[in-house]
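Student: Structure provided below as structure tokens; questions to follow.
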Amino acid sequence: MQSKRILLLLIFASVAGLIGIYLFSLLTKNDDKSQVVYIVVASRNIDMGKPIEREQLKLEKYSIEEVPPNAKMSVYGLDGRVAKKNINAQDVIFDELLFSANSKEDFTFTITAGKRAMSMSVNEISDVAGFIVPGNYVDVLSSSKNDSGLYNSKILLTRLLVLATAQNKIGSDDNKPKLVTSVTLELLPKEAVMLDAARMNGTLSLVLRNLTDTVVAIEEEGKAPPLTAIALKFINPDLIPNPIPPTIRKVEIIRGTAIQMDPEILH
């Protein structure tokens, strides 16, 4: 009888030991899981100055001891941001590597190589009532008064890309038509010189183009447009010469004994 009790106690102790080992293994396994985190890394190379695409990012599993400080834990909000430097595949993504969202610092990267960005003042009329938004193409009209007092207008530059309106640049979320006081255009260095000279010598206006219209047409240099009735309204009246009065001389006509002086108008 005593031996049976001892046997039962041994069996009970063995089962309890096995249960304890099993529970300990479960706790250890869960503890290992709690030490693993996911951080954002580059799935492929990311070029400096280029907006990041979602496909260039992925989540990678790291042990908590290996996670670098300030590493990004989520891809949310990273697409569209611009890299400050070249990022290689498998590099960990940090905030320090990217320009902040809606930052004005990364605006220079939107300028095409070999071109420049130049701003010009606009108003409700010259800005096409605010319908010009970043990403549009425009022509620039230059208007000035010549030596005869006539206001001449010509197409100065054509099909220029609008990089920004006020502080809204290409890619911004708030690119809705609205009235602004400045527009930034992308143009060649020599075009920037032309625009600056025309701005000092007259007034500038923008003409909105269809995005699919790629035709570039500039008026021939030195070929002035014909004077229209609209242009006549802007003639300086002080420059119009006074009409020359007609020359009048008298002709003596003798009829018998009567003499008559008739006027003759010479033009």
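Student: What is the spin-label model distance, in nm, from LEU179 to VAL75 if the labels are put 7 Å beyond Cα along the C-beta direction?
Tutor: A separation of 4.4 nm, rounded to one decimal place.
Student: Another question about this same structure. Rounded to whole Å and sorted largest first, what semi-axes of the equivalent ellipsoid does the C-alpha gyration tensor of the range 118-160 yield via the square root of 5 times each eigenvalue?
Tutor: They are 24, 12, 8 Å, listed from largest to smallest.
Student: Past 24 Å, Cα to Cα, is the threshold; run LYS58/LYS84; LYS58/LYS169; LYS84/LYS115; LYS154/LYS190 against it and keep the listed order.
Tutor: Over 24 Å Cα-Cα: LYS58/LYS169.
Student: Amide H to amide H under 5 Å from VAL122: which residues, 5+ apart in sequence or cross-chain, H placed 1.01 Å off N in plane?
Tutor: When sequence neighbours closer than 5 places are left aside, the close amide H contacts are SER182, VAL183.
Student: Heavy atoms only, 1.4 Å probe, whole protein assembly: order PHE109, PHE99 by accessible area, highest first.
Tutor: PHE109, PHE99
Student: I've got another one for you. Each residue of the range 84-93 in order: what ³J(HN,Hα) in whole Hz does its phi give by Karplus 6.51 cos²θ - 1.76 cosθ + 1.60, θ = phi - 60°, with x for Gly and Pro?
Tutor: 3J(HN,Hα) across the range 84-93, in whole Hz: 6, 8, 5, 10, 8, 4, 6, 6, 6, 8.
Student: Please list, in chain and number order, the residues 5+ apart from LEU156 or on another chain whose amide H is under 5 Å from its amide H, with Hs placed from the backbone.
Tutor: Answer set, sorted by chain and number: VAL140, LEU141, SER142.
The values are calculated or read from the model by the stated rules, or taken from the named source; none is laboratory data. The shown structure was predicted, so the numbers you read here are calculated from the model rather than taken from an experiment. Every residue, glycine among them, receives a Cβ derived from its backbone with ideal geometry; neighbour counts consider all protein chains shown. Surface accessibility is based on the protein's heavy atoms, side chains included, excluding ligands, DNA and RNA. Shrake-Rupley method; radii C 1.70, N 1.55, O 1.52, S 1.80 Å.
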